[in-house]
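*Asks:* Structure provided below as structure tokens; questions to follow.
The values are calculated or read from the model by the stated rules, or taken from the named source; none is laboratory data. Just so we're clear, the structure is a prediction, and the values are computed from it rather than from any experiment. We place every Cβ from the backbone using ideal geometry, glycine too, and count neighbours over all the protein chains shown. Remember, those area values only see protein heavy atoms, side chains included, never the ligands or the DNA or RNA. Shrake-Rupley method; radii C 1.70, N 1.55, O 1.52, S 1.80 Å.
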Amino acid sequence: MVIIMLSGLLGGILSGFFKLGWEILLPPRTPSRNKTNPPQYLLQQFGFSEEFTHRYFIFSRQKVQYISLMMHFGFSITFSFIYVILVQYSTLFSIGQGSVYGIVIWILFHLLIMPIMKTIPSISNQPLSEHFSELLGHILWGFVIQICYIYILTIF
């Protein structure tokens, strides 16, 4: 249980930071589409106000939208825990050192669930650059979760 808790939390936090950095390097959305990003829009679909979803604090004279960050890290930590639990049952889930898991999560959320919910445009209306950024970002995100899991295993 300690391995699951530590590796799920560490994997979720570090992969979340990694994914944020990846999106700075290769932004998945245009600036106009990012004015209300998918986590913000999803919350608005569930009835939260735009005022709430766009809350921010100022750091270094820049807006840091903390509601989006909470959603981002919440997603990352949740699916890191799911990965670690699945790997406990079968190493089949760790094929590709977590990268296949990242691809599956990308397919489920960016190609199926969010387009069906109309949180993001349909697959054909998303630019190729968005698919490229999100796919590679999720592959590496899953790999970082696996690295954290292996690291925690070596400690215990």
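*Asks:* Could you pull out the residue among GLN88, GLN146, GLN65 that is modelled with pLDDT of 95 or more, over 23 Å from ARG29 (Cβ atoms) and of a type outside the set (Val, Ile, Thr)?
*Replies:* The conditions single out GLN146.
*Asks:* A further question follows. What is the residue count in the range 91-140 for residues that are under 22 Å from GLY8 (Cβ atoms), at pLDDT below 95 and open to solvent by less than 50 Å² (accessible area, probe 1.4 Å)?
*Replies:* Summing the residues that are under 22 Å from GLY8 (Cβ atoms), at pLDDT below 95 and open to solvent by less than 50 Å² (accessible area, probe 1.4 Å) in the range 91-140 gives 1.
*Asks:* Residues that are free of Cβ contacts under 8 Å to residues at least 60 places away in the same chain and within 16 Å of the chain's Cα centre (by Cα): list the helices (runs of 4 or more DSSP H) wholly contained in the range 40-156 that include at least 3 such residues.
*Replies:* Helices (runs of 4 or more DSSP H) meeting the threshold: 66-89, 99-106, 128-155.
*Asks:* Take the range 56-80 and flag every residue that is of a type in the set (Ser, Thr, Tyr) and either open to solvent by less than 40 Å² (accessible area, probe 1.4 Å) or at negative phi (or both).
*Replies:* Result: TYR56, TYR66, SER68, SER76, THR78, SER80.
*Asks:* Would you check which residues across the range 3-28 are within 30 Å of GLN126 (Cα to Cα), in a helix (DSSP H, G or I), among the hydrophobic types (A, V, I, L, M, F, W, C) and in contact (Cβ under 8 Å) with a residue 24 or more places away in the chain and list them?
*Replies:* ILE13, LEU14, PHE18, LEU20, TRP22
*Asks:* Among the numbered conditions (1) at pLDDT 95 or above; (2) under 25 Å from PHE81 (Cα atoms); (3) open to solvent by 80 Å² or more (accessible area, probe 1.4 Å), tell me where SER15 comes up short.
*Replies:* Just one mismatch for SER15, condition (3).
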